[in-house]
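The values are calculated or read from the model by the stated rules, or taken from the named source; none is laboratory data. Just so you know, these numbers come straight off a predicted model, no measurement behind them. Note: ideal-geometry Cβ built from the backbone for every residue, glycine included; neighbour counts use all protein chains shown.
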Amino acid sequence: MAELDTSSGGGHKKGGVKKAKKLSTRIDLTPMVDLGFLLITFFIFTTTMSKPKTMEINMPFKDENLKKEDQSKVKESTALTILLSKDHRVYYYEGIGSDATNPPKVEVTNFKNPGGIRQVIIDKKAKVEALIRSGSLGATDKTTVLIKPDYNSTYDDFVNIIDEMSINGIQVYAIVDISPVDKEFIALTEAANAGN
């Protein structure tokens, strides 16, 4: 609140001319202190009332009948391996590519719809569900995706593929280092596509 301070010296008459009285203004900041304490109190209460957010974690299923080394193995029929490469290209093959004598058929796609990597994931998920219904796989088997980013892939592609896991409801996926064999698969596929 502004006040007028009238305590300064008054005017003296000099030669009959009366000098104007100088008035100074002073701002009272007392109400601002009250406002500061009200804001501090508001932020303290609102901070303590906000509930912490938690992330849901799916824990692995433990089957007592399986041997310990078999529990961590990924089945070829449930696995889809995705290789992220340069220029937003996505290479993929079914299985984990563990048999050197029988290399997998590597295909190339991108993130565009329709016909991109999303459709590949949807098709793989449908195949696994059909195998479960037919009894070839157990009820606890799920589609497993192995994501292997190459050194020349982009962070944007990595984020996009993780988003695809969430969009398609893939509960079991792993980010794995790309192997020299996978790099050979990419090179062979690029050479085959260049010839077409």
**Prompt:** In the list Lys105, Lys112, Lys124, which residue meets the criterion of being surrounded by 15 or more Cβ atoms within 10 Å (Cβ to Cβ) and without any contact (Cβ under 8 Å) to a residue 60 or more places away in the chain?
**Reply:** Lys124
**Message:** If a residue must be touching a Ser or Thr at 6+ places or on another chain (Cβ under 8 Å), within 10 Å of Thr144 (Cβ to Cβ) and at pLDDT 85 or above, how many such residues does the stretch 80-97 contain?
**Reply:** 1
**Item:** Residues that are closer than 18 Å to Asn110 by Cα and in contact (Cβ under 8 Å) with a residue 12 or more places away in the chain, drawn from the stretch 163-177
**Value:** Glu164, Met165, Ile167, Asn168
**Fill in**
Only one of Ala192, Ala139 is in contact with a helix residue (DSSP H, G or I) (Cβ under 9 Å, 6 or more places away or on another chain), free of Cβ contacts under 8 Å to residues at least 24 places away in the same chain, among the aliphatic types (A, V, I, L, M) and over 19 Å from Ser98 (Cα atoms), namely Ala139
